[in-house]
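The values are calculated or read from the model by the stated rules, or taken from the named source; none is laboratory data. Computed from a prediction, not measured in an experiment: that's the story for all the values here. Positions of Cβ are backbone-derived with ideal geometry, glycine not excepted, and every protein chain shown enters the neighbour counts. What goes into the accessible areas is simple: the full protein's heavy atoms, side chains included, and nothing from ligands, DNA or RNA. Shrake-Rupley method; radii C 1.70, N 1.55, O 1.52, S 1.80 Å.
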Amino acid sequence: IDGEWVTTAIAADNVDKIDKGGPLRIYVRKLTCNERCLQMEITFYVDLNGQCSKTKVIGYKQEDGSYRTQ
């Protein structure tokens, strides 16, 4: 999982949400996990109103294997 990434595809049941300029459109660039992948850092870009902003979030692994962030 660790390393540089380039988003090649995204999917949604409401395409308007992820279409270019849509509120949920993101461009994933980097994923990093600690040793046991209990924490995963995701770096991505969001383009809103023509302004591209870099965002980092840390997800914490849950008992069911999914990740949550604040």
inquiry  = Out of THR43, THR69, I need the residue that is of a type in the set (Val, Ile, Thr), on the phi < 0 side of the Ramachandran plot and in contact with a Lys or Arg (Cβ under 7 Å, 6 or more places away or on another chain). Which one?
reply    = THR43
Criterion (aliphatic (A, V, I, L, M) and over 13 Å from the mean Cα position of the chain (by Cα)) met by exactly one of LEU38, LEU24, LEU31 = LEU38
query = Of the residues in the range 4-55, how many are assigned to a loop (DSSP other than H, G, I, E, B), out of contact with any helix residue (DSSP H, G or I) (no Cβ under 7 Å at 6 or more places or on another chain) and either at pLDDT 80 or above or open to solvent by 50 Å² or more (accessible area, probe 1.4 Å) (or both)?
reply = 17
